[in-house]
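Encoded as structure tokens, the structure appears first; notes follow it.
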Amino acid sequence: MKDEKPDGPLYYADYLQLDRLLSSQRMESALHGRPAHDEMLFIIVHQAYELWFKQILWELDAVLAAFRAPSIPEDALGQAILRLDRIVEIQRLLIQQVDVLETMTPLDFLDFRDYLFPASGFQSVQFRLLENKLGMRRGDRLQLQDAAYTSRFRETDVARAEASEREPSLFDLVEGWLARTPFLHFGDFDFWREYRHAVETMLAADRGAIRTNPTLTEDEKKKQLAGVEATAARFADLFAPETSEAEAGPGRHFSRRALQAALLINLYRDEPILHAPFRLLAILADVERNFTTWRQRHAQMAMRMIGTRIGTGGSSGAEYLERAAERHRVFTDLSALASFYIPRSALPKLPPDVRSRMGFRFEAP
Ligand code: HEM
């Protein structure tokens, strides 16, 4: 149904529908005849979260639409970066908002907590849409009492959550975009072969420097060499053929080709054409980090408020939330990339034709 446009000049309260917004705080404690002062804060903080979730979804949908195109022009990439930047700023607010709710003491919370059963933030559909649109898969989730996360939803909400699982997620789209990066092979230049050679040279130099260091005792040399071998083992995994999901460990992982592209973008980020892709990957890692920080902060708050009690939604409470913060991650590969950086001085030099294609050139008329 289309909203009626009121007659006369636009009025602030009508524009923002303040009547509806400001009459949407219904305290369960008051309905039970025992109004608890802090329930107003509890409701408003949750509503503010849901409004911000709505804004994040609005931005995320626009980013997803841009990435669905078979190729992404520079201006669309720039726009997507700005929108993701906005999401990061909103997330900072969301993390800070926990402080506001924590001005409520656990005893004040107990004044109305029992009225909330069995409702819980676990039923926040917008939060699940966000997770799904970012790329969380059903199979990667912790289960609550052996049931799907949708089991606590109303039917209409189940349909919304399931529809979001069927769409390509940001993870899928970014992975596809990375895999299409043209710079991995360019004429005779094979990035992966050159990078591997540079890594082997760097590791050999590290071993040599330790062995010939006159200030180290034999024992110290042994320890430091073991450190280099541990690094070498991590690189060996990277250079091994594509691993299966089970071998790659929990959570989502990029295909080998997408991972190579992400590494190339980070290592050669000084090349003008890679500035925007580098920013994009950095912001995605920020989005992921902020999500995890919020989850950890929320788990601490739950521990502070309810201790080791179960949650109103029936989970083990803070313990469940801590495990979810650990496990519910999507862009893990991006944060792990730093282990594979090598110093600029050791980076293979790009052939001149590749460099010139990567640069922005201004040609005077
Ligand atoms: C007194 C403050 C709060 C406490 C004690 C608390 C506690 C909990 C607990 C124990 C759970 C696990 C599910 C359950 O058994 O209910 C949960 C889930 C959740 N809560 Fe809160 N919560 C609080 C405030 C908030 C706020 C302000 C939000 C903002 C929207 C929120 C959003 C969520 C979400 C999205 C989940 C699902 C998390 C997941 O499954 O990974 N909670 N909460």
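Mind checking which residues of the range 177-191 are within 27 Å of the chain's Cα centre (by Cα), in a helix (DSSP H, G or I) and in contact (Cβ under 8 Å) with a residue 12 or more places away in the chain? Lay out the reasoning, then the answer.
Start the filter on the range 177-191 by keeping residues that are within 27 Å of the chain's Cα centre (by Cα), which leaves 177-184.
Next, from what is left, pick out any that are in a helix (DSSP H, G or I): 177-179, 182-184.
177, 178, 179, 183, 184 - these are the residues of the range 177-191 that are within 27 Å of the chain's Cα centre (by Cα), in a helix (DSSP H, G or I) and in contact (Cβ under 8 Å) with a residue 12 or more places away in the chain.
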For the range 172-182, state whether one or more residues are touching a Gly at 6+ places or on another chain (Cβ under 7 Å) and either at pLDDT 95 or above or not hydrophobic (A, V, I, L, M, F, W, C) (or both). yes
Would you please name the residue that is farthest from residue 202 (Cα to Cα), looking only at residues in the range 301-338 that are open to solvent by 60 Å² or more (accessible area, probe 1.4 Å) and touching a residue at least 12 places away in the same chain (Cβ under 8 Å)? 304
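Please find, within the range 132-163, the residue that is farthest from residue 68 (Cα to Cα) out of those that are small (Gly, Ala, Ser) and surrounded by 17 or more Cβ atoms within 10 Å (Cβ to Cβ). Write out each step before concluding.
Step one: filter the range 132-163 for residues small (Gly, Ala, Ser), giving 135, 139, 147-148, 151, 159, 161, 163.
Within this subset, residues satisfying the condition of being surrounded by 17 or more Cβ atoms within 10 Å (Cβ to Cβ) are 135, 161.
On the way: 135: 14, 161: 20 Å.
Here the answer is 161.
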Among residues of the range 84-138 being outside any helix (DSSP H, G or I) and over 20 Å from the mean Cα position of the chain (by Cα), the residue nearest to the ligand (Cβ to nearest atom) is 120
Hey, could you check the range 98-121 for residues that are open to solvent by less than 30 Å² (accessible area, probe 1.4 Å) and not aliphatic (A, V, I, L, M) and say which is farthest from residue 279 (Cα to Cα)? 112
Could you tell me whether residue 75 is outside any loop (DSSP other than H, G, I, E, B), exposed (fewer than 15 other Cβ atoms within 10 Å of the Cβ) and at pLDDT 95 or above? no
Looking at the range 4-16, is at least one residue basic (Lys, Arg), out of contact with any strand residue (DSSP E or B) (no Cβ under 8 Å at 6 or more places or on another chain), part of a loop (DSSP other than H, G, I, E, B) and surrounded by 10 or more Cβ atoms within 10 Å (Cβ to Cβ)? no
Hey, does the range 197-204 have a residue that's open to solvent by 30 Å² or more (accessible area, probe 1.4 Å), under 23 Å from residue 84 (Cα atoms) and among the aliphatic types (A, V, I, L, M)? no
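The values are calculated or read from the model by the stated rules, or taken from the named source; none is laboratory data. Everything numeric here is computed off the predicted structure, so don't read it as measured data. Positions of Cβ are generated from backbone atoms using ideal geometry, with glycine treated the same way; all protein chains shown enter the neighbour counts. Accessible surface areas use protein heavy atoms only, side chains included; no ligands, DNA or RNA. Shrake-Rupley method; radii C 1.70, N 1.55, O 1.52, S 1.80 Å.
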